[in-house]
Amino acid sequence: MDVLVKDPELADELIARREASDGDKWNEVWDGVLVMPTLPNDEHQELQCNLMAPLLAAVGVPGLGKVRAGVNVTDRHPDWRENYRCPDVVVYLNNSPAVNHSTYWVGGPDFLAEIISPGEDPTGKHAFYAAVGTREVLVIDRDPWALELFRLAGGRLVSAGRSDASNPAVLASGVLPLTFALRAAQPRPLIDITHAATGQTWVA
């Protein structure tokens with residue numbers, strides 16, 4: 001359930017509580033509106049860390065681009081704080097037109113991953129990501145578990161495939177030399193990530 005707070009005093013109190021808990025580092029601003037997403041739990045952080053290894057191996061180590069866990073992505077400079085999103089993992093390839101301003105990037109990543117937390121809309125940020133030129137988005141949904149790969153086409157992010165319990169398909173990135181597939185396991189499904197050229201596989 002989303003809550004819109006119009007009371008300035010209550011808004012200031014909520015913002016202060018968020019800052020005191022160090023949760024404000026996950027805040028976003030959507031066209032001037034402060035958005036406080038659900039704080040990432042341990043499983044969310046484990047997935048985020050495990051995604052970094054294959055991305056670093058495929059992109060970072062060979063020097064093909066930058067891999068980051070959580071950056072501020074915006075469509076403006078210098079007033080970036082008026083409109084930005086914070087993907088869980090991003091990849092900017094060397095030929096990306098995006099500009100790194102140290103605190104934030106103006107322009108969309110070549111690839112990003114979003115790990116969905118309770119209450120989040122899996123595609124809620126897609127219009128923004130498409131507008132800034134993000135080429136691919138991997139959505140990791142955890143209720144129910146599924147992977148969905150979206151690709152920029154005609155100014156929109158459109159589904160390029162889905163992998164879930166009923167259809168454990170292999171999703172091949174069109175940007176990175178990697179494939180992604182959901183695999184049944186306990187206590188939660190696992191994500192197999194394979195380097196298309198070397199065959200090396202990582203598990204997230």
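Please treat every number below as a calculation from the coordinates, not as lab data. Everything quoted here is computed from the prediction, not taken from an experiment. Glycine gets a Cβ as well: all are built from the backbone with ideal geometry, and neighbour counts include every protein chain shown.
Please state, as a whole number in µm²/s, the translational diffusion coefficient that the Stokes-Einstein equation yields for the chain at 4 °C and 1.567 mPa s, with Rh defined as the Kirkwood radius across alpha carbon pairs.
Reported coefficient: 73 µm²/s.
What is the Cα centroid distance between the stretch 41-75 and the stretch 138-204, reported in whole angstrom?
So the separation of the two Cα centres works out to 15 Å.
Just grab the label-to-label distance for residue 50 and residue 38, each label 7 Å out from Cα along the Cβ direction, in nm (one decimal).
Taking the two extended label points, one gets 1.8 nm.
Order of 134, 38, 123 from fewest to most other C-beta atoms within 10 Å?
Ascending Cβ contact count within 10 Å gives the list 38, 123, 134.
Pairs of alpha-carbon atoms within less than 8 angstrom and 6+ residues apart define the contacts here; what relative contact order does the stretch 39-203 have, in percent?
14
From the phi of every residue in the stretch 138-150, what ³J(HN,Hα) in whole Hz does the Karplus formula 6.51 cos²θ - 1.76 cosθ + 1.60 yield, where θ is phi - 60° and glycine or proline is x?
The phi angles translate into 9, 9, 10, 8, 10, 7, x, 5, 6, 10, 9, 9, 10 Hz.
Can you tell me how much longer the chain between residue 94 and residue 170 gets when fully stretched, taken as 0.36 nm per residue apart minus their C-alpha distance, in nm with one decimal?
On the way: separation 76, 0.36 × 76 = 27.36 nm, distance 2.65 nm.
So the extension gain works out to 24.7 nm.
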